[in-house]
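One structure below.
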Amino acid sequence: MKKLTIMSVAAMALLFVGCGEKPKATEANATEMNVTTEVVAPEANATTEANATEAAAPEAAAAPAADGAALYTACGACHGVDGKTAALGKSAVIAGQSAADLETKMHGYKAGTIDVTGNGALMKGQMANLDDAQMKALADYISKL
């Protein structure tokens, strides 16, 4: 019993070390994300304004995609680096599950509607800071483990 308690405490400590941390934007990333607009003099015609808008659109659309592997680092503390560990000795192995099922479960944990093994509150905390695109990327990554 002591061994299980110690392992549980150690696992929880590992979870909270990386819980909810988002990668910090570097100055280069912040610069890439900024869209500069040109001030158009009142005498400029509407065509010039339309061209400026069209030129800025590709920059805004070039936002970096979520990286499933990077997002998974927080998950590995309980699920194992290969996704083949039953988290806290309770959960099913997540490696190889379909991306659609994993994404559905992640949304359920985030909403607080899933608690299969008693870890619902813990998983809700893990999913709290992930947006839909990040959950999709993470589910896709885990499905390929």
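A few comments on the model shown:
- Inter-label distance, Asp101 to Asp67: 2.9 nm, where each label sits 7 Å from its Cα along the C-beta direction.
- Remark: the Thr113-Ala86 segment gains 7.7 nm on full extension, using 0.36 nm per residue and subtracting the alpha carbon distance.
- Positive minus negative residues near Val93 (Lys, Arg vs Asp, Glu; Cβ under 10 Å): 0
Values in this text are rule-based calculations from the coordinates and carry no lab data. Since this is a predicted model, take the numbers as computed values, not measurements. When we count neighbours, we look across all protein chains shown, and the Cβ atoms used for this are built from the backbone with ideal geometry, even at glycine.
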